[in-house]
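Let me begin by presenting the structure, written as structure tokens, before commenting on it.
Computed from the coordinates by the stated procedures, all read-outs in this text should not be read as laboratory data. Being a predicted model, the structure only gives us computed values, none of them experimental. We place every Cβ from the backbone using ideal geometry, glycine too, and count neighbours over all the protein chains shown.
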Amino acid sequence: MTVPVQIGAHSRRFILWMVTLVYIVNYLDRNILAIVLPEIKRDFHLSDAALGFLSGASFAITYASFAMPLAWFADRMNRRNIIAGSMALFSAMTVVCSFAANTVQLIVARIFTGIGEAGTGPSIQSVISDLYRPKERAAALAFYSAGLNIGLLIAFFAGGIVDQALGWRAAFLIAGLPGLVLVFLFLFTVQEPPRGHIEQISDIERAPGFLATVKFLWSQRSYRWISIGTALSAFGGYAGITFVPLFLTVSHGLSPAERGFVLALLTGVAGGFGTYISGVLADRLGKRNVRWNMYIPILFIVLSVPFAPFFYLSPNLIVVLLCAIVPNINGAAYLAPCLAMAQGLVPLKMRAQSAAILLFVLNILGYGLGPLCVGRLSDLLRPSLGNDSIRWAMLSTIVPWLLSAVCYWRASRTLESDLSRGVPRPP
């Protein structure tokens, strides 16, 4: 049965652009903290472990916890309105961060930033799945996921300049304003797509409850391995986003503007290329064998790991920057293929909850523990290694990256059979 409302190719491209803009301001607001961490550390007299908690755990626990109930609503209500309301909250809270007088106030503001950002990802992934067929979904999600890198580029480049010229408080204030403007543009220009539109599935089924969704996902072995794999990838990725600015300052003496420019190129340009091309490759090669959706992240990891020791340990800044390119291309290359498979592994009205549960595991283990563990390890190594402790703490992230590759390989073994239990596919 076909759905009554149609979304044209032009309209779906516009919606994809708009949700990508949401993701850009999402990551701008989330990661503006990373570029100004050295100054916050100085002003509030914080340890590296405390920085890890502030940037990772305090945000991730809230984000992951609220993503699931908001996804429950997204599987039943208007997703456009949930996205807009969530964006208004996290943008406003980013502005509030600029007024924090102490660490506790900053943590509280970041907690509410996390609540706001929790409402966007699951709803957006569900919307994209209603607009793009399974064989083109990874490329669409890759385009959307590249917003992560553009947000990082803006956060690092503009944030570094503003931080150096006006201070870290001004960086938070300016970062929060674009999202407040985008809220109104999003509400008045984006159309809520019919559920099941692209696959010609009628939206008449009752949305399953949370426990039913969890039970179904647990029965999908590939989903289990994908969840753990993305969490391990995020462990290393978020630790890098958090501490590479501090690493470049402590180990190589870069100023806020200099480290912002360097990281904008690495995470924005190199990282954006990797995020997007991984989804394109997954779609093209996945037509031959769906397992390529898991082989692509494995390939990126294997190619990047040999460069990591030179990136973190070389005393030569030129060597460091050159060897940072490939690991940054790998940074979020796992996202699009894994998000696409997470959507394909579930029935129509489990899509937002599927995304939320994946993001819960990813954020609790990856974003919550990655920066915290690396910061704690740096503190433990400092008595013996001094300022070089951050180098070796960052190098330890190779381990979770390699473990994530093992998880993706395990997921590939049952992926095809598990997909057959998901949403019916058109010819």
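Between the helical axis of 168-189 and the longest alpha-carbon principal axis of the chain there is an angle of about 10 degrees.
Taking one quarter of the surface of the C-alpha convex hull of the range 193-319 gives a mean projected area of 11.6 nm². Cβ crowding within 10 Å ranks Ser58, Ser86, Ser396, Ser123 as Ser396, Ser58, Ser86, Ser123, fewest other Cβ atoms first. The H on the amide N of Thr120, modeled in the peptide plane, is under 5 Å from the matching H of no residue at least 5 residues off or on a different chain. Annotation: extensible slack from Leu180 through Asn78 equals 34.7 nm (criterion: 0.36 nm per residue apart, minus Cα-Cα distance).
The phi-based Karplus calculation (6.51 cos²θ - 1.76 cosθ + 1.60; θ = phi - 60°) puts the 3J(HN,Hα) values of the range 311-323 at 4, 8, 9, 5, x, 8, 4, 4, 4, 4, 5, 5, 6 Hz, whole numbers, x for Gly and Pro.
Against the chain, whose longest principal axis is taken from its Cα atoms, helix 210-219 shows a tilt of about 90°. Only lysines eight or more places from Lys135 in sequence, or on another chain, were considered; those with a Cα closer than 22 Å are Lys287, Lys349. Between the Cα long axis of helix 58-74 and the first principal axis of the chain there is an angle of about 10°, rounded to the nearest 10. Karplus-based coupling profile of the range 393-398, in residue order and whole Hz: 5, 5, 4, 4, 5, 4, with θ = phi - 60° in 6.51 cos²θ - 1.76 cosθ + 1.60 and x standing for Gly or Pro.
Once you have a ≥ b ≥ c as the square roots of the Cα gyration tensor eigenvalues for the range 244-337, tell me rounded if a/c is under 1.5, and otherwise prolate or oblate according to whether a/b is larger than b/c. Because a/c hits 1.5 or more and a/b exceeds b/c, the range 244-337 counts as prolate. Of the peptides 301-310, 66-75, the ranking by mean beta-carbon count within 10 Å, highest at the top, reads 66-75, 301-310. Semi-axis lengths, largest first, of the ellipsoid equivalent to the chain are 34, 24, 18 Å, with √(5λ) applied to each eigenvalue of the Cα gyration tensor. Ranking Asn387, Leu369, Leu415 by Cα position along the charge dipole of the range 365-427, where only Lys, Arg, Asp and Glu carry charges on their C-beta atoms, puts Leu415 farthest toward the positive end.
Geometric descriptor of the range 288-357, per residue, is 95 Å³ (volume of the convex hull of the Cα atoms). A simple spin-label model places the labels of Lys287 and Val406 3.6 nm from each other, with each point 7 Å out along Cα-to-Cβ.
Distance between the modelled labels on Arg133 and Val302, one decimal in nanometres: 3.1 nm (7 Å Cα→Cβ projection).
Normalised size of the range 1-122, defined as Cα radius of gyration per 2.2 N^0.38 Å with N residues, equals 1.25. A simple spin-label model places the labels of Ala257 and Val269 1.9 nm from each other, with each point 7 Å out along Cα-to-Cβ. Rg and Dmax over the alpha-carbon atoms of the range 80-210 stand at 17.7, 56 Å. The 3J(HN,Hα) values that the Karplus relation (6.51, -1.76, 1.60; θ = phi - 60°) gives for the range 369-382 are, in residue order, 9, x, x, 5, 5, 5, x, 5, 4, 4, 4, 5, 7, 4 Hz. Gly and Pro appear as x.
Here Val361, Val162, Val19 are placed in order of increasing Cβ neighbour count within 10 Å, fewest first, which gives Val361, Val162, Val19. Rounded, prolate or oblate for the range 298-427? Axes are the square roots of the Cα gyration tensor eigenvalues, ordered a ≥ b ≥ c, and the cut-off for rounded is a/c under 1.5. Taking the square roots of the gyration eigenvalues as a ≥ b ≥ c, the range 298-427 is prolate. Its Cα centre serving as origin, the chain has a Cβ charge dipole (Lys and Arg +1, Asp and Glu -1) of approximately 1080 debye. Would you work out if the range 126-187 is rounded, prolate or oblate? Take a ≥ b ≥ c from the square roots of the eigenvalues of the alpha-carbon gyration tensor; rounded if a/c is under 1.5, else prolate when a/b is larger than b/c, oblate otherwise. In terms of gyration-tensor shape, oblate.
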